[in-house]
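A.B. asks: Can you keep this structure in mind? I'll have questions shortly.
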Amino acid sequence: MDENLKTRILIVDDDTCFLRVLKRILSGEQYAVTTTSDPSDAVGILRSSTFNLVICDLHMPGCDGLTLLQNIRKEGIDVPLIILTAYGEVETYLEAMNAGAAEYLNKPIKTDEFLETIRSILRRGNHRCAVAPPENA
């Protein structure tokens, strides 16, 4: 568990109830969790702090999960991202994976499978604590 204390996860979901549930699950595993219900805040949060993983909802007002993923990549932020959705569709799955999502999971989530997916992504070795490069780099 000591390694988990160093692992920072950002969760982005407009459903504040679901945010609290995910935060409780992940905090219980000793991950450091930051949440936002406003997807437009996510890139700024990622630019101001380091994270090992982002978890976001697919359907959110103002900015869906795919757009958020694209915006994160445009900023040069290289962090694994899991997209969660209650509307699992093959087309959206393919679009998400082609855009660079680490995983695409359907809601409702099963806690054990969800945690194993997170552990697997973090073990892959592509879990750099990623922030965007400096403006003048």
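The values are calculated or read from the model by the stated rules, or taken from the named source; none is laboratory data. Values in this document were obtained by computation on a predicted structure and should not be read as measured data. As a convention, Cβ positions derive from the backbone with ideal geometry for all residues, glycine included, and neighbour counts pool all protein chains shown.
A.B. asks: Of all the residues that make up the range 40-93, how many are of a type in the set (Asp, Glu), out of contact with any helix residue (DSSP H, G or I) (no Cβ under 7 Å at 6 or more places or on another chain) and farther than 18 Å from residue 19 by Cβ?
C.D. replies: Residues flagged as of a type in the set (Asp, Glu), out of contact with any helix residue (DSSP H, G or I) (no Cβ under 7 Å at 6 or more places or on another chain) and farther than 18 Å from residue 19 by Cβ within the range 40-93 amount to 3.
Residues are listed down the side, and each one gets a yes or a no for (1) farther than 14 Å from residue 11 by Cα; (2) at pLDDT 90 or above; (3) not hydroxyl-bearing (Ser, Thr, Tyr):
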| position | (1), (2), (3) |
| --- | --- |
| 46 | no, yes, yes |
| 57 | no, yes, yes |
| 60 | no, yes, yes |
| 66 | yes, yes, yes |
| 69 | no, yes, yes |
| 75 | yes, yes, yes |
| 97 | yes, yes, yes |
| 131 | yes, no, yes |
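A.B. asks: While we're looking at this one, here's another question. For the range 1-91, which fully contained strands (runs of 3 or more DSSP E) count at least 1 residues that are of a type in the set (A, V, I, L, M, F, W, C) and in contact with an Asp or Glu (Cβ under 6 Å, 6 or more places away or on another chain)?
C.D. replies: Filter on the range 1-91 gives 81-85.
Listed here are the residues, each with its yes/no results for (1) in contact with a strand residue (DSSP E or B) (Cβ under 6 Å, 6 or more places away or on another chain); (2) within 20 Å of residue 76 (Cβ to Cβ).
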site: 19; (1), (2): yes, no
site: 25; (1), (2): no, no
site: 31; (1), (2): yes, no
site: 43; (1), (2): no, yes
site: 53; (1), (2): yes, yes
site: 57; (1), (2): yes, no
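A.B. asks: Something else: Six or more apart or on different chains, Cβ under 8 Å: which pairs go from a residue in the range 67-84 that's under 26 Å from residue 116 (Cα atoms) to one that's part of a helix (DSSP H, G or I) and charged (D, E, K, R)? Could you list them?
C.D. replies: Final answer for the pair search is 77/47.
A.B. asks: I want to confirm something. Restricting to the range 92-117 and keeping residues that are assigned to a helix (DSSP H, G or I) and among the β-branched types (Val, Ile, Thr), which single residue is nearest to residue 53 (Cα to Cα)?
C.D. replies: 117
A.B. asks: Something else about it: Could you please find all residues in the range 72-97 being polar (S, T, N, Q) and more than 16 Å from the chain's Cα centre (by Cα)?
C.D. replies: Within the range 72-97, just 92 meets the criteria.
A.B. asks: May I ask you to list pairs of residues, at least six apart or on different chains, whose Cβ atoms are under 9 Å apart, with the first in the range 24-52 being in contact (Cβ under 8 Å) with a residue 40 or more places away in the chain and the second being hydroxyl-bearing (Ser, Thr, Tyr) and assigned to a helix (DSSP H, G or I)?
C.D. replies: 25/111
A.B. asks: Another question, then. Could you list all residues from the range 69-88 that are farther than 14 Å from residue 104 by Cα and crowded, with 18+ Cβ neighbours inside 10 Å?
C.D. replies: The answer is 72, 77, 79.
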